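Comments concern the structure below.
Values in this text are rule-based calculations from the coordinates and carry no lab data. These numbers were taken from a predicted model, which means no experiment stands behind them. Counting neighbours? That spans all protein chains shown, and the Cβs are built from the backbone with ideal geometry, glycine included.
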Amino acid sequence: MVKQFDAIVVGAGGVGSAAAYYLAKAGQKVLLLEQFELDHQNGSSYGQSRVIRYTYDNPTYVDLMRDAYPLWFALEEEAGEKLYVKTGGLDFGFPETDTFQRMKASLDESRLPYEYLSQAEIAQRYPQFALEDGMAGLFNPDGGLLKTSRCVLAHARLAQARGATVIDQTPVLKIIPSESGVEVQTETETYGCDRIVLTVGSWAKGLLAEQGIDLPLKIMPCQLGFYEPKNAADFEPGKFPVFFAHMNGDYGEMPYGIPHEDPSIGVKITTFYGWDTVDKPSEVDYTPSQAWTERIRNWANQYLPGAAGPLLYTRRCLYTVTPDKDFVVDQHPDYPHVVIGAGFSGHGFKFTTLMGKMLADLAVEGKTPHDTNLFKLSRFQLIAA
């Protein structure tokens, strides 16, 4: 017997849990399916913290963050728990570098409030940094961290509170769209729905190929490092910002870090990009590289010496990356009631509540008031072999 829902969401990570929440909020009878347990470590949306910031080198993302911040505040209020911690955000590097210049130009175009800080001004405000002469920074006071797992679980819990059914540890075996709806098959059940949202992270390429869409997605297993600071109080929120360093090296591209709320966790330091990619989740090696942890510690020892203490913890985290590193948020070209969220390219978590709303809008209304021009499927050749 087919169990019928208004909407099904496949994948209960950051974006999928948010999509289920907004669909339920719109009055839909919702089913959220997850192949692993909720809050699992196999994908992208797990752990203590992710960066949230307005500062982007593309004004479109700045404007989308203007939409996202109020949604996070509203979610916090409904959930009754702290999800966002304001720390301030600092981008630093040599002002002549391309990424620094593009960031500054974007902030100016977006009329986003920020401070341009010299190396001496950074040293005065944040003596934890040991920057080179001639470096400078762009500081925005609203940068901070999101409590990753708590955000995912809050969306899922509040979706349930609005009537959604959440079933984890249930892989989807087949999705069959038609003109009138969608059939979803698992090992034990068959479900039907009027509309479906696909948010399966690193499993997107294979799942979408079955729907005739060949997205040029790559999986980038990045690595997170958590280091014990010499003086824990120096790296607490309020005393230390989230940061991005506009530089590359043998450690990867653009190191960044997040202050700790708990000294036992340590200061999070990793790099934005620079990792080797694979094509399928089955090819991912989740074994952390000890050599990399030393390379990024060496970087920290130069620019952030107080944070370059013993390694407390390290693990892999999967990015699913598009060639242009912009997201995919769109409807299936043949079945507009099949809505796709994919390729969040390592910088998507801060947008997850907004992306969930946008996907819910597309699923229910066929349109969204938020800008999706960067995120169209049509920018790629989509015919699957």
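Annotations
- Count Lys and Arg as plus one, Asp and Glu as minus one, and take only other residues whose Cβ is under 11 Å from that of residue 213; the net charge is then -3.
- Counted over the chain, the DSSP beta bridges are approximately 70% antiparallel.
- Span-like helix criteria (full DSSP H runs; alpha carbon extent of at least 27 Å along the helix axis; mean Kyte-Doolittle hydropathy of at least -0.5) are satisfied in the chain by 59-79.
- From the Kirkwood radius over Cα pairs of the chain, Stokes-Einstein at 10 °C and 1.306 mPa s returns a whole-number translational diffusion coefficient of 74 µm²/s.
- Within the range 267-325, the chymotrypsin sites (Phe, Trp or Tyr not before Pro) that combine a DSSP coil assignment with at most 16 other C-beta atoms in a 10 angstrom radius are 286.
- Sequence-distant residues sharing a close amide H with residue 190 (under 5 Å, placed H): 3
- For the range 171-183, putting each phi into the Karplus relation 6.51 cos²θ - 1.76 cosθ + 1.60 with θ = phi - 60° gives couplings of x, 7, 8, 7, 10, 10, x, 9, 4, 9, x, 9, 10 Hz, in residue order, rounded to whole numbers and with x for Gly and Pro.
- Test item: Cα-centred dipole of the chain, Lys/Arg +1 and Asp/Glu -1 on Cβ, debye: 460 debye
- Relative contact order (%) - criterion: Cα under 8 Å, at least six apart; region: the chain: 23 percent
- Note, ³J(HN,Hα) from phi for the range 276-286, Karplus 6.51, -1.76, 1.60, rounded to Hz, x at Gly and Pro: 5, 10, 10, 9, 10, x, 5, 8, 6, 9, 7
- Loop trypsin sites (Lys or Arg not before Pro), the range 324-385, which have at most 12 other Cβ atoms in a 10 Å radius of their Cβ (DSSP): 367
- Convex hull of alpha carbon positions in the range 10-106: directionally averaged projected area 8.3 nm².
- Spatially, the range 155-173 and the range 295-361 are offset by 22 Å when compared through their Cα centroids.
- Reachable lysines from residue 205, criterion Cα separation under 20 angstrom, eight or more residues apart if same chain: 174, 218, 280, 325, 376
- Which of 177, 73, 207, positive extreme of dipole for the chain (C-beta unit charges): 73
- About the Cα centre, charge dipole magnitude for the range 1-74 (Lys/Arg +1, Asp/Glu -1 at Cβ), debye: 160 debye
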